[in-house]
Structure formats: structure tokens, C-alpha cells
Amino acid sequence: MRLLKIRHSTSTLLLAMMFCSILVSCKEKHEGGLLSSIDDKEIYNDKAGRYKSMSFLVNSYLDYMVLHISVLPIDKNELQYSVAAPGVNPELSMNRWGGSASGYDFTWDKTWKTPKQFKVWWQRIVDPDEYAKNKIDARYLIKETERGTAWCEAIITINNPLPEEPGYFILHFYPDGHVDAYISELKELEAEQPKVKFEDRMKLSVLREKPCLKEIPNPYYGLPKPVQQN
């Protein structure tokens, strides 16, 4: 009888430890990541008004495309903790540099205090002719960065307090490698103008001899490829 009790207690303890381990891993993964209103149930079930969702708005003052932008917590280095912002192809027109806006992609936790820092990763095209030679999107397949591109990292800081009604989480990519970010008040998209006028483009500092202030390896390599992706 005592042997049965010991075995029962041991089994119960092991199950409890496994359950706790699962809870901890799930908790760490969830709490360590950023929230997107596209697919996070916690936002839809938010009764206390803890979260405020907003769109990304991206402006790029670079010559070529900025692709696969991800915003991460400052202390994370895996894409599983990130939320995605839309890439942008600068049109270099007289009134806009090429802005790109998205749906409600970023959610701010009102328990956060400003200034608050995040990490931004993006892939930028540095040689469009070489980039055009890529036949497929090989981010998930090869460890090397695709030809004609570079993966970059920057630290952004949100300095302004969260507006009562936030409009956009705005990113500005500059040719000297740095990225500005802030959260705007809710207003029409057309009211959000780029920080740099097109006619002033030649006044901007440009990073020479390297594509990024901090270049990183391809962060997609080794991740499971989405089913819908060709």
C-alpha cells in the first residue's frame, strides 16, 4: 500500500512539474513578445482598457526598398517575439517619399512607461540589379543574406507619452542608418507628413562603405516557412 502511495505521489509530482513547465514556457513566450491586434485574443478580451492598438506608418528616405520590418522588445533576439510592420518602396515623388501604412498591427500596453525602447530589424536593398537575380524568397531556406540586400538593426525610442487616442506607430528610416519612431495622435493619414521634404533629400547624411550601422545575420533562417508563402 505504501509503495502504491509513493508511486501515486511521484506521478502526481511529475505531472505537476510538467504542467508548471508548460505554463512557464507559454507565459515567458507570451509575456516576452509584443502584441498585435490581428491575432491576439488577449486584446479582444481586454475589459480593463489596458491595451491600445494602432497602425504602423513607415516612411523611408532611402533610395531603395525597405523590406520585412519587425519590431521587437529591446531584450529579445528572435522573431517569435516581434510584430511586423509594412515594407516601403520610396516613390521619390515631389510630395512624398513613399509612405506605407498598415492595419491595426501594434498594441501598446498602458502599463509601459516612456521613454521606452524597442529593437527594429529590416532587410534593405542595396543593389537592385543583384536583388533582381534572386528567383525566390529564400529567407527561410539559406543562412546567407539574399544577394543585393543587407539585414539591419537599430534601436528606437518612444519618448512621447501615449496619446489618449493613438493614431500611428510611425517609423522614419534615414540613409545614415538610424530610425526615428513616435506615436501620433489619431488623425487622417494624409495629415501625417514625412519629416524630410523631397527637395531637401541631398542635405541628408548618408552612410558610406557599409549598408547599416549594425548589420545582422538573416533572422528568418531556420524558422518554419509559412504554408501560404511561395
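The values are calculated or read from the model by the stated rules, or taken from the named source; none is laboratory data. In this text the structure is predicted, and so the values were computed from the model without any measurement. Heads up, the Cβs are rebuilt from the backbone with ideal geometry, glycines too, and the neighbour counts pull from every protein chain shown. Side chains included, ligands, DNA and RNA excluded: accessible areas come from the protein's heavy atoms. Shrake-Rupley method; radii C 1.70, N 1.55, O 1.52, S 1.80 Å.
Below, the figures for the structure above:
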| quantity | calculated |
| --- | --- |
| T12 being among the polar types (S, T, N, Q), at pLDDT below 55 and not in a loop (DSSP other than H, G, I, E, B) | yes |
| Odd one out for V227 among (1) within 19 Å of the chain's Cα centre (by Cα); (2) in a loop (DSSP other than H, G, I, E, B); (3) under 20 Å from V83 (Cα atoms) | (1) |
| Criterion violated by L213 - all others in (1) touching a residue at least 60 places away in the same chain (Cβ under 8 Å); (2) open to solvent by less than 50 Å² (accessible area, probe 1.4 Å); (3) part of a loop (DSSP other than H, G, I, E, B); (4) hydrophobic (A, V, I, L, M, F, W, C) satisfied | (2) |
| Residue satisfying all of: in segment 173-210; aliphatic (A, V, I, L, M) and within 20 Å of the chain's Cα centre (by Cα); surrounded by the most Cβ atoms within 10 Å (Cβ to Cβ) among these | V179 |
| Evaluation of E190 against (1) in contact with a Phe, Trp or Tyr (Cβ under 7 Å, 6 or more places away or on another chain); (2) farther than 26 Å from P128 by Cα (one fails), failing number | (1) |
| Any pair with Cβ under 6 angstrom, 6 or more apart, that starts in segment 122-140 at a residue that is farther than 25 Å from P224 by Cβ and ends at one that is among the aromatic types (F, W, Y) | I125/Y64; I125/Y131; P128/Y64 |
| Unmet requirement for P90, which otherwise passes all of (1) out of contact with any strand residue (DSSP E or B) (no Cβ under 6 Å at 6 or more places or on another chain); (2) at pLDDT below 85 | (1) |
